[in-house]
Amino acid sequence: MVLVPSINFTNGKNPSPKNTTISVLLLRLTIIFLSLIPLYYFLTYSSSPWLLSHINSIRFGNTCNLFRGKWVYYPKQQPHYTNFTCPHIFDQQNCMKFGRPDSEFLKWKWKPENCELPEFAAVRFLEIVKGKSMAFVGDSVGRNQMQSLLCLLASVANPTDVSYTIDPKFKRFLYKKYNFTLASFWSPYIVKAIETSPNGPTYNRLMNLYLDQANPEWSSQIEQFDYVIISAGRWFFGPQIYYQNGHVVGCHLCHKNDIKNLTMFYGYRRAFREAFKTLLSLESYKGVTFLRTLSPAHFENGEWNKGGECKRTEPASRSEAKLTGADLELYLSQVEEVRAAEREGRKRGLKFRLMDISEVMVVRGDGHPNHFRHWPHENVTIADCVHWCLPGPIDTWNQILFQMLKDEK
């Protein structure tokens, strides 16, 4: 409701024509001014994906944004599983096995603004996905999330491994009772990628990225899946040469004077654009696509290869940890590309959803393995502040996924 100044008719007499004209003019000007205020704020802030996410969360007059809120400490909070009850945890994320001395990082619960995030319910989750299939497409952080989901479901059922290859980067599990298939496709660049020197060190290996070709490792099989969770992140920080239409168009950190420097942001944005274009073009694909946004890394006191580590035992404050720099630019490009895909998807009846975990996790530098992913005598000097301990804060991603699947129903 817009409140406007009242017109005061004094002494019970009708106002003069002159006064009436002035009053009506003032009234119109007031209404115009007040109507411009929300337009100003929309034009000023609508470029913010966080605001767009907030607007998109409004349903039937009630505001419940799963992705904006705070972490609340619950001293009696217990994880849904442990490294003893879940057989799917890789050593690299098995922090408790390798002696992490604190467990306080497990006692924080995500509290969205104006609503509650329901606890993960394994039976209900399996009932929702009964007779369906789900694929995680991306890098090892995407696999990290799938392993979290396997662990959350382990209290109810353990699946059969029906993988078509012995390569652990491509796994497929079947929950027979529910006829539910869960798969992971290793594709850290999403698009087709070829190593220029396969025998070189992994962390700075020059890659050829074909930005107009989705990686066939996943794109050739994805039509059969009902839910696709797609993500990508840290691999784009390395050196790459970009190809489009069969020709080199630029590079990132390739150190070649005859190739234009386009930065990693160019490759990152176009990789997601091509992935969504591919999904939109597949005639038999009827699934729901979830873009899981960038998972923040939390190296402190140095870069990842220069002594950086993540020793925190509780979440940081909002003033300490925010998305900035390269992470912010990568995140913004993700949001813009999935919004564009969402608009195109409506024309085909396809759904694209934003699983916006970046702000949720930016304060959780306490949730990484750090050095608790190997035995002390193994003398591994590089800390892991990219992946997430299992159990740990990453389990919240699947709580959010659970709620989003319920909303789809």
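The values are calculated or read from the model by the stated rules, or taken from the named source; none is laboratory data. What you see is a predicted model; the values in this text were computed from it and never measured. Glycine gets a Cβ as well: all are built from the backbone with ideal geometry, and neighbour counts include every protein chain shown. Surface areas here come from the heavy atoms of the whole protein model, side chains and all, with no ligands, DNA or RNA. Shrake-Rupley method; radii C 1.70, N 1.55, O 1.52, S 1.80 Å.
For the range 159-201, a residue qualifies if it is of a type in the set (A, V, I, L, M, F, W, C) and under 22 Å from TYR243 (Cα atoms), and the qualifying residues are TRP186, ILE190, VAL191, ALA193, ILE194.
Across the range 389-401, what is the total count of residues that are within 14 Å of the chain's Cα centre (by Cα) and either more than 20 Å from VAL362 (Cβ to Cβ) or not in a helix (DSSP H, G or I) (or both)?
2
Can you say whether LEU294 is more than 22 Å from GLN145 (Cβ to Cβ), touching a helix residue (DSSP H, G or I) at 6+ places or on another chain (Cβ under 6 Å) and buried (at least 16 other Cβ atoms within 10 Å of the Cβ), as far as the supplied structure shows? Considered against the rule, which asks whether it is more than 22 Å from GLN145 (Cβ to Cβ), touching a helix residue (DSSP H, G or I) at 6+ places or on another chain (Cβ under 6 Å) and buried (at least 16 other Cβ atoms within 10 Å of the Cβ), LEU294 comes out as no.
Only a single item in (1) surrounded by fewer than 17 Cβ atoms within 10 Å (Cβ to Cβ); (2) aliphatic (A, V, I, L, M); (3) closer than 19 Å to GLN224 by Cα is not met by MET134, and it is number (1).
Hey, could you check the range 237-246 for residues that are farther than 12 Å from ARG205 by Cα and of a type in the set (Phe, Trp, Tyr) and say which is least open to solvent (accessible area, probe 1.4 Å)? The residue in question is TYR242.
Conditions (1) among the polar types (S, T, N, Q); (2) open to solvent by less than 30 Å² (accessible area, probe 1.4 Å); (3) modelled with pLDDT of 95 or more, marked per residue:
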| position | (1), (2), (3) |
| --- | --- |
| VAL248 | no, no, yes |
| GLY267 | no, yes, yes |
| SER281 | yes, no, yes |
| THR289 | yes, yes, yes |
| ASN301 | yes, no, no |
| GLU320 | no, no, no |
| ARG346 | no, no, yes |
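With respect to the conditions (1) in a loop (DSSP other than H, G, I, E, B); (2) over 30 Å from VAL380 (Cα atoms); (3) in contact (Cβ under 8 Å) with a residue 12 or more places away in the chain, TYR164 falls short on a single one, namely (3).
Residues being in a loop (DSSP other than H, G, I, E, B), small (Gly, Ala, Ser), touching a Cys at 6+ places or on another chain (Cβ under 7 Å) and open to solvent by less than 20 Å² (accessible area, probe 1.4 Å) are entirely absent from the range 351-365.
Residues in the range 62-88 that are of a type in the set (Val, Ile, Thr) and more than 16 Å from ALA157 (Cα to Cα) were compared, and the one that is surrounded by the fewest Cβ atoms within 10 Å (Cβ to Cβ) is VAL72. In this structure, does LYS277 turn out to be assigned to a loop (DSSP other than H, G, I, E, B), modelled with pLDDT of 95 or more and either more than 18 Å from MET361 (Cβ to Cβ) or among the basic types (Lys, Arg) (or both)? When the stated conditions are applied, LYS277 does not pass them.
The requirement of being surrounded by 21 or more Cβ atoms within 10 Å (Cβ to Cβ), more than 21 Å from HIS88 (Cβ to Cβ) and among the acidic types (Asp, Glu) is not satisfied by GLU309.
Taking the condition surrounded by fewer than 21 Cβ atoms within 10 Å (Cβ to Cβ) and either hydroxyl-bearing (Ser, Thr, Tyr) or modelled with pLDDT under 95 (or both), does SER148 pass? So SER148 fails the test. Check GLU303, GLU309, GLU274 and return the single one that is more than 19 Å from ALA214 (Cα to Cα) and in contact (Cβ under 8 Å) with a residue 60 or more places away in the chain. After ruling out the rest, the residue left standing is GLU309. Using the structure shown, decide if ARG234 is of a type in the set (Lys, Arg), over 22 Å from ALA341 (Cβ atoms) and either open to solvent by 60 Å² or more (accessible area, probe 1.4 Å) or under 19 Å from the mean Cα position of the chain (by Cα) (or both). In short, yes. Residues in the range 198-231 that are open to solvent by 50 Å² or more (accessible area, probe 1.4 Å) and of a type in the set (Ser, Thr, Tyr): THR202, TYR203, SER220. Among the residues here, ARG124 does not qualify as within 19 Å of ILE394 (Cα to Cα), assigned to a helix (DSSP H, G or I) and open to solvent by 20 Å² or more (accessible area, probe 1.4 Å).
Could you pull out the residue among GLU314, GLU329, GLU378, GLU408 that is of a type in the set (D, E, K, R), at pLDDT below 95, open to solvent by 20 Å² or more (accessible area, probe 1.4 Å) and in contact with a helix residue (DSSP H, G or I) (Cβ under 9 Å, 6 or more places away or on another chain)?
Every option except GLU408 fails the conditions.
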